[in-house]
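Structure, as structure tokens:
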Amino acid sequence: MNVKVHLIVTLIATVQMAVSAPAQEIKAEHICTIERQYPNDGDCYGNLLFQFHSQNQHPEGDFHGVSVADLRSGKTLAFTYLGFNPNFHNSSITFARRKKSIFDPFPLLIASENYAPNEYYKIHVYRVRRRGGSYSFENVRTIDMPSPDSLGILYPHAVPDEDGRHIWIEGYSADKAKTVFLLFDNPEVFPVKPGREPGMTGVPIRRFEIPRKNVTDQAYCIRKGKFYQVVGVKREAWLRIIDIESGTLEREVLFNDYGLPYEPEAVFFWRGRLCVSFSANGKAEVYTVDLL
């Protein structure tokens with residue numbers, strides 16, 4: 001084969017490979033392993049990851065609480081038992097947009113509790129204290145939400161809106177075919193003025209739905225007008241990006257294509273980068289996930 005023909009054949013083969021090779025949609029990088037067992041949803045503040053832990057088969061004991069871990073090393077700094085079983089999946093925990101006091105080291109922390117799964121729904125609000133190497137959680141308010149049945153959803157969990165004045169509740173539709181997002185007014189957990197406690201109305205001011213994957217909804221967070229949702233288990237796990245203004249699913253990425261472990265449990269932003277905490281062999285494996 002002469003040089004000219006060889007170059008042409010090589011060029012054609014290169015073009016064919018470029019066309020057939022699937023486009024890379026994310027770049028994932030392992031950050032740390034957190035040893036604490038049974039990780040669920042979590043959120044970070046500074047370099048600290050606050051992650052809920054629960055084991056549904058054990059209604060009592062040391063499983064239902066929050067660990068505090070350093071994302072730079074994976075070292076667990078503390079674990080606190082919160083005193084309730086979040087039940088099943090969607091045991092959300094996320095930071096609000098404000099602090100109870102300007103002197104507090106952390107914003108208020110919001111956790112969801114639902115039972116059976118639709119008997120009741122509560123949103124617990126905690127003030128996080130730190131003294132030396134210990135952490136404590138003071139329940140400053142419990143919001144009794146309408147029952148999930150009356151809202152037409154299953155397994156609800158709460159995330160504060162970016163504006164600090166509303167709260168989003170996500171859950172399955174009753175037939176489990178849709179993922180439902182409900183926006184509520186007056187979510188703030190803290191009196192706006194002394195003696196005045198803002199109420200939570202039982203009527204959502206907005207509702208939209210997207211088709212649901214036939215796998216478990218795990219967690220979601222909000223960033224710059226988008227929901228970043230993780231769903232799935234070992235056989236099939238996804239990152240889904242939803243535009244909040246239009247209520248439409250913009251993008252999906254199958255984690256399995258990138259060799260990521262087991263099931264996604266938490267999604268949050270750390271140092272401006274999207275992060276996902278996966279459960280693998282009972283531990284939390286935390287990755288940055290950069291969208292390409």
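Read-outs: derived from the displayed coordinates by stated rules, not from any lab. Computed from a prediction, not measured in an experiment: that's the story for all the values here. Positions of Cβ are backbone-derived with ideal geometry, glycine not excepted, and every protein chain shown enters the neighbour counts.
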Can you list the lysines whose alpha carbon is less than 18 Å from that of residue 99, not counting same-chain residues fewer than 8 positions off?
193
Restricting to aspartates and glutamates and to Cα separations under 18 Å from residue 283, and discarding same-chain partners fewer than 8 apart, the set is 29, 35, 41, 43, 62, 70, 263, 265
Going residue by residue through segment 243-258, the Karplus relation 6.51 cos²θ - 1.76 cosθ + 1.60 with θ = phi - 60° gives ³J(HN,Hα) values, rounded to whole Hz and with x marking Gly or Pro, of 7, 6, 4, 8, x, 10, 6, 8, 7, 9, 10, 7, 4, 4, 5, 10
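Which peptide among 26-34, 131-139 comes first, and what is the full order, when sorted by highest mean count of other Cβ atoms within 10 Å? Please list the in-between numbers first.
Values: 26-34: 16.3, 131-139: 12.0.
Going from most to least packed, we get 26-34, 131-139.
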Under Karplus coefficients 6.51, -1.76 and 1.60, residue-wise ³J(HN,Hα) of segment 232-237 in Hz, glycine/proline x:
x, 9, 4, 6, 6, 9
Less than 19 Å apart at the alpha-carbon level, and either on another chain or at least 8 residues along: which lysines does that give for residue 178?
213, 226
Taking amide H atoms as placed 1.01 Å from N in the peptide plane, list the residues 5 or more away in sequence, or in a different chain, whose amide H sits under 5 Å from that of residue 251.
241
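Please find the FRET efficiency linking residue 246 to residue 271, where r is the Cβ-Cβ separation and R0 is fixed at 30 Å, and quote it to the nearest 0.05.
E between residue 246 and residue 271, to the nearest 0.05, is 0.60.
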Run the quick spin-label model on residue 138 and residue 256: label points 7 Å from Cα toward the beta carbon, then report their separation in nm to one decimal.
4.8
